Amino acid sequence: MIQETAANTKQAGPVRVRIAPSPTGDPHVGTAYIGLLNYVFAKQRGGRFVLRIEDTDRSRFVASSEQMIFDALHWTGLEWDEGPDVGGPHGPYRQSERTEIYREYCDKLLESGHAYRAFETAEELDAERKAQMGAKQPPKYNGPSRRYTQEQVDTALAGSKPYTIRLRVPQGDAGVGTASTTFRDELRGDITFDHFNVDDQVLMKSDGFPTYHLANVVDDHLMGITDVIRAEEWISSTPKHVLLYQAFGWDLPRFWHMPLLRNIDKSKISKRKNPVSLVYYRQAGFLPQALLNFLGLMGGGMAQPTEQEIVSKGLDTRLIDIFSLMEMVERFDFKRISLGGPVFDLVKLKWMNSEYLRALDAEAFFQAMRATVFSDAYLRAIAPLVQTRIETLGQFGDLTDFFFKDDVMPAPELFVPKKRTLEETLLFATEMLPVLEAADWTPTSIDAGLRELLTAKEWSVKEAFGLLRVILTGKTASPPLLESLVVFGKARSLNRVRRFLEQQKRFQASANRK
RNA sequence: GGCGCUAUGGUGUAACUGGUUAACACGUCGCCCUCUCAAGGCGAAGAGUUCGGGUUCGAGCCCCGAUAGCGCUACCA
């Protein structure tokens, strides 16, 4: 029986931890959550906190995303010691700049037989996967390439067939249950996966870029990461990572898998059901300290004072949940983290933010407003939209109120076009959402997407733009819609549309009940 | 479907190595304060700890088994 145990990790020197966001869109609140935990972990132990950009997926790459991640993370106050923008001794910290390194390590795996070239096409793999699922088998790679002789490989190579490189997961000779990998999760204890359920993961894609699994293991090792603190969704792929460490003959880091932030319905937090963009929280006027404080509450970790302490020290129970980043570094206990997925409760976050807002002195509060809702940049962007539309400066607010509101709640008589029903209109609004999501948030891009949709659905330009105008502004007349959307920001605009849809769904539900 | 993880009021968490009527915060409701609304003060409702067995004088904490939720199941991360 091949029992791959992964219990011994050699640890010397200060801890090193990292977060590794992907530049595939807006910076995510989950990144801030995991970032916070990593930061606190490092600070508690006098270690280093590293930021690494995992931009190995060319198809999902969004050019503007990386800078947004830097900005948003800097905004939170979670400063990193090493990263693409601040440098460090283990760079480069951008995976797209490390492709030769992965190539080199991948070759080693090829030589040692821990990996092999796979020449199957995406279509072939797809067909096989479907067949396996139909037969109620775990979908796994099982192509002929795994058993190719050197000769066959050479022939395929000579024919310059595109290929991927896959991890050769050792299968026990005696079948199911005879090969497995066990690793230790610091919060859960040992977790075992039978190799029957571990796929021959693609390590190197046919475009020459590594997958997360390879890049992450190679980088974590090369960057001296001692503790991998990441989200729970990675547990299932950890055996592959362990197998890689072992194939390279490297010591394992410790693994700490954190519970996943959840929507109200307990599913993994997602933009469809919750604002998840850090840009949104910033623009909507949440204070970073409040956000971090709230995130620090998720999953426990902060020891609550006992009843006796409350009484003896005369603590105000109302302030029990309020603590600073520094206090977290002092008191946060990773072993206390509770493993049930915490619901990201916007209501409590707002309460907490209000506590922080009230605690500001008058000047600081004023400055906070200036920095967000009334920043020069924001006003400067809005000004040209209204200059030709007002007679006195005093009318500014009449035209631009929606730029400064958290929510607008238009009535159906405003947003339903004359020749459409409420149902049709809501359906169209629903279909607008993915179109807006896909836009790169310039007037041209939004315009193109919208026009494509309205043409397909046989809506007039007037109807479609009118609808979106009312959803965004709450009014039938407004400054130019596309420019307004751009100025208001993608995160907030999308949130407004989503909230509109939710509101209407609720109205309909309650109307149906009557 | 398979594998894995998880399980305390609506939500986030407490409950020391098993020991009283399961605590705190958010939210909800009521009252007070008040020109309004917040804030603040006071109070209330809301869980018998997913369910079923077992061990024990005693189980939210230990054991077994179910169930449910979630995650993964990509040439995404």
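From the C-alpha gyration tensor of the stretch A:413-514, pull out the three semi-axes of the equivalent ellipsoid (sqrt of 5λ each), sorted largest to smallest, in whole Å.
Details: eigenvalues 96, 46, 33 Å².
Output for the stretch A:413-514: semi-axes of 22, 15, 13 Å.
Place the peptides A:146-159, A:18-31 in order of packing, highest mean first, counting for every residue the other Cβ atoms within 10 Å and averaging per peptide. Please report the intermediate quantities before stating the final value.
Working: A:146-159: 11.6, A:18-31: 22.4.
The most tightly packed comes first, giving A:18-31, A:146-159.
Return one quarter of the surface area of the convex hull spanned by the alpha-carbon atoms of chain A, equal to its mean projected area, in nm². Could you put the intermediate results ahead of the total?
Working: hull surface 126.9 nm².
Approximately 31.7 nm², given one-decimal rounding.
Using modelled backbone amide H atoms (1.01 Å from N, in-plane), which distant-in-sequence or interchain residues come within less than 5 Å of A:Met258's amide H?
HN-HN under 5 Å from A:Met258: A:Arg230, A:Ala231, A:Glu232.
Rounded to a whole number, what % of the accessible area of chain A do carbon and sulfur atoms account for, probe 1.4 Å?
On the way: 13560 of 25060 Å².
Solvent-exposed carbon and sulfur of chain A make up 54 percent of the total.
In what sequence, highest mean first, do A:468-477, A:444-453 appear when ranked by Cβ atoms within 10 angstrom? List each step's numbers first, then the result.
Details: A:468-477: 19.5, A:444-453: 16.0.
Top of the packing list down: A:468-477, A:444-453.
Along its three principal axes, how long is the stretch A:1-158 when you only count alpha carbons? Whole Å, largest extent first please.
Principal-axis extents of the stretch A:1-158 (Cα, largest first): 53, 38, 37 Å.
Could you work out the mean projected area of the convex hull around the alpha carbons of the stretch A:284-371, in square nanometres to one decimal? Don't jump to the answer; show the numbers that get you there.
Values: hull surface 27.7 nm².
Computing the convex hull of the Cα atoms and averaging its projections yields 6.9 nm².
Amide H to amide H, which residues 5 or more places from A:Arg16 or on other chains are under 5 Å from it, using H placed in the peptide plane?
Amide H neighbours of A:Arg16: A:Arg48, A:Thr226, A:Asp227.
Between A:Thr149 and A:Arg188, what FRET efficiency follows from the Cβ-Cβ distance if R0 is 41 Å, with the result rounded to 0.05? Write out the running numbers ahead of the final one.
On the way: r = 42 Å, r/R0 = 1.03.
Result of the calculation: an efficiency of 0.45.
In 10 Å bins starting at 0, how do the alpha-carbon pair distances of the stretch A:345-407 split up by percent?
Calculated over all Cα pairs of the stretch A:345-407, the distribution is 18, 38, 30, 14, 1 percent.
Sequence neighbours fewer than 8 away in the same chain don't count; with that in mind, list the lysines whose C-alpha is under 24 Å from A:Lys240.
Candidates past the 8-residue exclusion: A:Lys10, A:Lys108, A:Lys130, A:Lys136, A:Lys140, A:Lys205, A:Lys268.
Can you give the net charge of the other residues whose Cβ lies under 15 Å from the Cβ of A:Gly189, counting K and R as +1 and D and E as -1?
Numbers: positive: A:Arg184, A:Arg188, A:Arg254, A:Lys335; negative: A:Asp185, A:Glu186, A:Asp190, A:Glu232.
That works out to 0.
Leaving out ligands and nucleic acids, note down the accessible area per residue over the stretch A:120-232 with a 1.4 angstrom probe, in whole Å². Let's see the in-between values first.
Numbers: 5430 Å² over 113 residues.
Result: 48 Å² of accessible area for each residue.
Under a cut-off of 18 Å between alpha-carbon atoms, report the aspartates and glutamates in cross-link reach of A:Lys271, not counting same-chain residues fewer than 8 places apart.
Excluding near neighbours in sequence, the set is A:Asp26, A:Glu233, A:Asp345, A:Asp406, A:Asp407, A:Glu431, A:Glu437, A:Asp440, A:Glu502.
At q = 0.17 Å⁻¹, what log₁₀ I(q)/I(0) does the stretch A:261-410 have when each alpha carbon counts as one equal point scatterer in the Debye sum?
Per q value, in the given order, log10 I(q)/I(0) is -1.12.
Ranked from highest to lowest mean number of other Cβ atoms within 10 Å per residue, what is the order of the peptides A:103-110, A:502-509, A:61-68, A:236-243? Before the final figure, lay out the partial values.
Working: A:103-110: 16.4, A:502-509: 12.8, A:61-68: 14.6, A:236-243: 21.1.
Ranking the peptides A:103-110, A:502-509, A:61-68, A:236-243 by packing returns A:236-243, A:103-110, A:61-68, A:502-509.
Beyond 26 Å, what percent of the Cα pairs of the stretch A:332-476 remain?
On the way: 5150 of 10440 pairs.
For the stretch A:332-476, the fraction of Cα-Cα distances above 26 Å is 49 percent.
Per-residue ellipticity at 222 nm for chain A, helices alone: DSSP H runs ≥ 4 residues times -39500 (n - 2.57), over residue total, nearest 500 deg cm²/dmol?
Values: 21 runs with 236 residues, N = 514.
Counting only the DSSP helices, I get -14000 deg cm²/dmol.
Along the stretch A:466-471, what does the Karplus equation 6.51 cos²θ - 1.76 cosθ + 1.60 (θ = phi - 60°) give for ³J(HN,Hα), rounded to whole Hz, x for Gly and Pro?
Values per residue, Gly and Pro as x: x, 4, 4, 4, 5, 4 Hz.
Considering only DSSP beta bridges where both residues belong to chain A, give the percentage that are antiparallel (nearest 5).
Numbers: 17 of 35 bridges.
Antiparallel bridges make up about 50 percent of those DSSP assigns within chain A.
Give me, ordered by chain and number, the residues 5 or more places off A:Leu203 or on other chains with an amide H under 5 Å from its own placed amide H.
Result for A:Leu203 returns A:Ile165, A:Arg166, A:Leu167.
The values are calculated or read from the model by the stated rules, or taken from the named source; none is laboratory data. The structure displayed is predicted, hence computed values, not measured ones. Positions of Cβ are backbone-derived with ideal geometry, glycine not excepted, and every protein chain shown enters the neighbour counts. Areas reflect the complete protein model, heavy atoms only, side chains present, ligands, DNA and RNA absent. Shrake-Rupley method; radii C 1.70, N 1.55, O 1.52, S 1.80 Å.
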